[in-house]
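One structure is given below, encoded as structure tokens.
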Amino acid sequence: MARRLLLDAMLGTLVTYLRMCGHDTLYVQEDGIETDDAIRERAAATDRTLITRDRELAARTADAVLLEAREIEAQLAALQDNGIEIDLPTEPDRCSVCNGRVERIDPDERPDHAPDAVAHVWQCRECEQFFWKGSHWERMQSTITDLPG
């Protein structure tokens, strides 16, 4: 089940994975949130689980998830251990760039830069970025598949 998450400034790479896994994920760097109090307030106001590498911030925030690892694989495994589903959906749901919703577009609307070999193309409703299942998707799927447990 997709979750509503807020990631602190130390977790930029993780944002992409969580969005591609379908989680509604805000990133403090994108919103210009800088102070711990502002981060805590945003998490509470938007009913999001805070994910952080900051021990003090995690200790002061209800239901926060503290990640100690720096490596993406270990971070993803720790999130799984905390009950956050880490799996790519059959079809993309979230934009990895802006967190907006994506939808499959008609074949005649596909951009010229989309590879001919891809069956489907999706576009973000917010930022209009195009997505398809290519090598980036495959690398992420491989990383997720190789997680322990």
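The values are calculated or read from the model by the stated rules, or taken from the named source; none is laboratory data. Not measured: the values here are computed from a predicted model. Cβ coordinates were reconstructed from backbone atoms using ideal geometry, including for glycine residues, and neighbour counts include every protein chain displayed.
Data for the structure
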read-out	value
When residues of region 106-123 are limited to those that are closer than 17 Å to Leu88 by Cβ and hydrophobic (A, V, I, L, M, F, W, C), the one surrounded by the fewest Cβ atoms within 10 Å (Cβ to Cβ)	Ala119
Scope region 46-101; condition of a type in the set (Asp, Glu), under 19 Å from Ala9 (Cβ atoms) and touching a residue at least 40 places away in the same chain (Cβ under 8 Å); matching residues	Asp54
Top-ranked residue of region 11-33 - restricted to ones that are part of a loop (DSSP other than H, G, I, E, B) and in contact (Cβ under 8 Å) with a residue 12 or more places away in the chain, ranked as farthest from the chain's Cα centre (by Cα)	Leu11
Selection count, region 19-32, where residues are under 10 Å from Asn99 (Cα atoms) and not acidic (Asp, Glu)	7
Condition broken by Gly32, with the remaining ones in (1) under 16 Å from Cys95 (Cβ atoms); (2) surrounded by fewer than 12 Cβ atoms within 10 Å (Cβ to Cβ); (3) not basic (Lys, Arg) satisfied	(1)
Candidates Asp63, Asp47, Asp37 - the one that is farther than 24 Å from Arg101 by Cα, part of a loop (DSSP other than H, G, I, E, B) and either more than 14 Å from the chain's Cα centre (by Cα) or modelled with pLDDT of 95 or more (or both)	Asp63
Residue tally, condition in a loop (DSSP other than H, G, I, E, B) and touching a Gly at 6+ places or on another chain (Cβ under 7 Å), over region 86-135	7
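Table: residues versus (1) among the basic types (Lys, Arg); (2) closer than 27 Å to Glu128 by Cα; (3) crowded, with 18+ Cβ neighbours inside 10 Å; (4) assigned by TED's automatic domain parsing to the domain that holds Gly134.
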{"site": "Leu11", "(1), (2), (3), (4)": "no, yes, yes, no"}
{"site": "Gly22", "(1), (2), (3), (4)": "no, yes, yes, no"}
{"site": "Ala38", "(1), (2), (3), (4)": "no, no, no, no"}
{"site": "Arg48", "(1), (2), (3), (4)": "yes, yes, yes, no"}
{"site": "Arg60", "(1), (2), (3), (4)": "yes, no, no, no"}
{"site": "Pro92", "(1), (2), (3), (4)": "no, yes, yes, no"}
{"site": "Cys95", "(1), (2), (3), (4)": "no, yes, yes, no"}
